[in-house]
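Visitor: Below is one structure. I have some questions about it.
The values are calculated or read from the model by the stated rules, or taken from the named source; none is laboratory data. Keep in mind it's a predicted model, so treat the numbers as computed, not measured. Cβ: placed from backbone, ideal geometry, glycine included. Neighbour counts: every protein chain shown.
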Amino acid sequence: MSKKKPEPTLPPRERAFLVGVEFKGRRTILALNDSLAELALLADTAGLDVVGELTQKLDRPHSMTFIGAGKVDELKALAEETLAQVIIFDEELNPRHQRELEKIFGPDSKVRVMDRTGLILDIFAQHAHTKEGMLQVELAQYEYYLPRLTRQWTHLARQAGGGGGRTGSAGGVGLRGPGETQLEVDRRAIRKRIDHLKAELEKVEAHRGRYRAQRKRSRIPTVALVGYTNAGKSTLLNRLAKSEVYVADQLFATLDPTTRRVELPGGTTALLTDTVGFIQKLPTTLVAAFHATLEEITEADLLLHVVDISHPNALNQYESVQITLDDIGAGHIPVVTVLNKIDRLHNPESAQETMRRVPKSVAISAAQGIAIKEMLLLLHQELYEAFIPVEVRLPYQQGVLISLFHEMGQVERIEHGRGGVLIQGRIPGRLAAQFKPWKAKKVVEIEDGESE
């Protein structure tokens with residue numbers, strides 16, 4: 001009789017202590033306690049156990065240690081009492097704050113100091129599985145850590161010489177010129193790695209651009225799934241496309257974009273792309289590194305904004321996503337809002353009040369399949385039946401757009417002139433973004449007959 005193999009033992013989870021600050025007069029999406037609760041979920045996703053938290057109200061960050069000197073002493077005592085191994089700030093620390101705090105909680109105490117941005121980067125590193133995702137995360141990590149580089153971060157330089165730590169080779173990092181410190185050599189090696197990563201991501205961006213152009217030629221509209229992390233986007237994509245995108249009840253469970261074909265009413269179709277979830281205080285380094293991925297949103301014909309209506313901060317999360325969409329240049333794209341997880345509400349009818357406040361919205365349950373038909377009908381209407389009035393001045397070189405207007409729109413007036421054509425009429429709302437750069441401006445005639 002064969003013996004059953006013992007289950008592998010997981011390494012013990014590190015103990016984390018959280019620090020939150022409320023700044024007087026600063027408007028935030030989430031209240032301090034809610035933001036710390038979200039930080040605790042992020043810590044759990046990263047594989048950490050939260051053992052305590054500390055808060056402080058301030059007018060502005062302390063110049064040296066972010067929080068006041070008295071709070072630093074209190075934090076150090078609490079960290080020792082709870083045996084914390086990691087201290088996580090719910091704000092992004094600048095390099096000076098990071099260095100000063102690391103001196104206080106230095107190598108001797110074996111307590112690491114990190115901020116919300118560093119934690120999110122760590123989670124992204126765990127969840128990136130495609131080459132593109134790993135390149136984007138690695139770039140964001142290096143750009144974040146470069147100004148914070150000290151002797152304790154020299155492992156990053158070793159990674160820089162060997163492809164982000166995946167080969168383990170230090171490359172030529174050890175060669176120093178006259179008068180150079182090892183830290184300067186490390187910084188130079190990381191800058192070189194950053195340049196390489198940017199070049200690789202430019203290739204990814206070019207490939208995505210060709211793929212998007214091919215999709216546009218197919219005339220199949222594209223819909224980008226957007227929403228706060230863990231709102232249920234991947235579950236909805238699986239329901240609509242009968243696919244098996246990874247789903248887990250944690251923040252940032254999926255990172256790499258996935259596109260699937262979805263059947264709509266009336267025999268129509270759309271391409272649905274699941275994108276990375278948003279979160280409040282989204283690190284700017286991530287937004288920059290994920291430019292190629294975020295273009296899947298900015299180039300979409302329609303956005304499907306998924307909101308977890310069962311979450312106590314659902315409307316705050318909705319607002320946070322809308323702000324981020326504006327920040328990345330997607331605020332002009334038509335939106336259908338999906339109030340997901342109504343099966344978790346004690347009173348599902350309460351979602352109706354939210355629907356009255358949010359335009360073009362529908363309440364569903366992606367997990368249970370509730371009201372999916374109603375949502376698909378709304379998508380079909382927005383993509384194929386909703387027309388908007390436009391007036392555009394298209395150069396003759398834009399023959400594809402001129403043909404598209406005639407083929408898909410309703411031409412009410414057309415005037416051919418020198419260098420282009422003025423078209424007034426109505427087009428499907430999903431095509432509005434393509435024509436936006438050519439919106440007609442007021443023409444002023446001057447004496448020689450030319451216009452400006």
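Visitor: Got a sec? Which helices (runs of 4 or more DSSP H) wholly within region 335-435 have at least 3 residues that are among the hydrophobic types (A, V, I, L, M, F, W, C), under 18 Å from LEU272 (Cα atoms) and assigned by TED's automatic domain parsing to the domain that holds LEU303?
Guide: On the way: elements: 351-357, 372-380, 399-408, 432-435.
Those helices (runs of 4 or more DSSP H) span 372-380.
Visitor: Suppose we filter ALA37, ALA77, ALA84, ALA16 for residues that are part of a helix (DSSP H, G or I), of a type in the set (A, V, I, L, M), at pLDDT 90 or above and surrounded by 15 or more Cβ atoms within 10 Å (Cβ to Cβ); which single one remains?
Guide: ALA37
Visitor: Let me ask another. Any idea how many residues of region 378-389 are within 31 Å of the chain's Cα centre (by Cα) and either over 23 Å from LEU236 (Cα atoms) or surrounded by fewer than 15 Cβ atoms within 10 Å (Cβ to Cβ) (or both)? Quick ask: steps written out before the conclusion?
Guide: Quick first cut of region 378-389, residues within 31 Å of the chain's Cα centre (by Cα) only: 378-388.
Narrowing further to those that are either over 23 Å from LEU236 (Cα atoms) or surrounded by fewer than 15 Cβ atoms within 10 Å (Cβ to Cβ) (or both): 385-388.
Summing the residues that are within 31 Å of the chain's Cα centre (by Cα) and either over 23 Å from LEU236 (Cα atoms) or surrounded by fewer than 15 Cβ atoms within 10 Å (Cβ to Cβ) (or both) in region 378-389 gives 4.
Visitor: Take the residues in region 297-324 that are crowded, with 21+ Cβ neighbours inside 10 Å and under 11 Å from the mean Cα position of the chain (by Cα); name whichever of them is farthest from ASN230 (Cα to Cα).
Guide: Selected residue: ILE297.
Visitor: Say whether the condition of being under 19 Å from PHE435 (Cα atoms), modelled with pLDDT of 90 or more and touching a helix residue (DSSP H, G or I) at 6+ places or on another chain (Cβ under 8 Å) is met by at least one residue in region 303-318. Walk me through how you get there before you give the answer.
Guide: Initially, region 303-318 is screened for residues under 19 Å from PHE435 (Cα atoms), giving 303.
Pick out the ones that are also modelled with pLDDT of 90 or more and you get 303.
Keeping just the survivors that are touching a helix residue (DSSP H, G or I) at 6+ places or on another chain (Cβ under 8 Å) gives 303.
Within region 303-318, one or more residues are under 19 Å from PHE435 (Cα atoms), modelled with pLDDT of 90 or more and touching a helix residue (DSSP H, G or I) at 6+ places or on another chain (Cβ under 8 Å).
Visitor: Then there's this: Do we find a residue being in contact (Cβ under 8 Å) with a residue 24 or more places away in the chain and farther than 20 Å from GLY118 by Cβ anywhere in region 41-50?
Guide: Applying the first criterion (in contact (Cβ under 8 Å) with a residue 24 or more places away in the chain) to region 41-50 yields 41-50.
Applying the additional criterion that residues be farther than 20 Å from GLY118 by Cβ yields none.
There is no residue in region 41-50 that is in contact (Cβ under 8 Å) with a residue 24 or more places away in the chain and farther than 20 Å from GLY118 by Cβ.
Visitor: A follow-up question, please. Output the residues belonging to region 67-124 that are of a type in the set (Gly, Ala, Ser) and more than 20 Å from LEU42 (Cα to Cα). Walk me through how you get there before you give the answer.
Guide: From region 67-124, those of a type in the set (Gly, Ala, Ser) are 68-70, 77, 79, 84, 106, 109, 118; that's our starting set.
Passing the criteria: GLY68, ALA69, GLY70, ALA77, GLY106, SER109.
Visitor: Can I ask one more? Please give the number of the condition ILE120 fails out of (1) surrounded by fewer than 22 Cβ atoms within 10 Å (Cβ to Cβ); (2) under 16 Å from VAL287 (Cβ atoms).
Guide: Unmet condition: (1).
Visitor: Going through region 264-290 one residue at a time, which ones are surrounded by fewer than 19 Cβ atoms within 10 Å (Cβ to Cβ) and closer than 24 Å to ILE123 by Cβ?
Guide: Selection gives THR284, VAL287, ALA288.
Visitor: Could you tell me whether ASP59 is of a type in the set (D, E, K, R), modelled with pLDDT of 95 or more, assigned by TED's automatic domain parsing to the domain that holds ALA40 and within 20 Å of ARG26 (Cα to Cα)?
Guide: no
Visitor: For residues that are within 21 Å of VAL137 (Cβ to Cβ) and at pLDDT 65 or above, tally how many sit in region 221-269.
Guide: Kept after step one, since they are within 21 Å of VAL137 (Cβ to Cβ), are these residues of region 221-269: 224-230, 233-234, 245-248, 250-259.
Add one more test, that the residue is at pLDDT 65 or above, and what stays is 224-230, 233-234, 257-259.
Here the count works out to 12.
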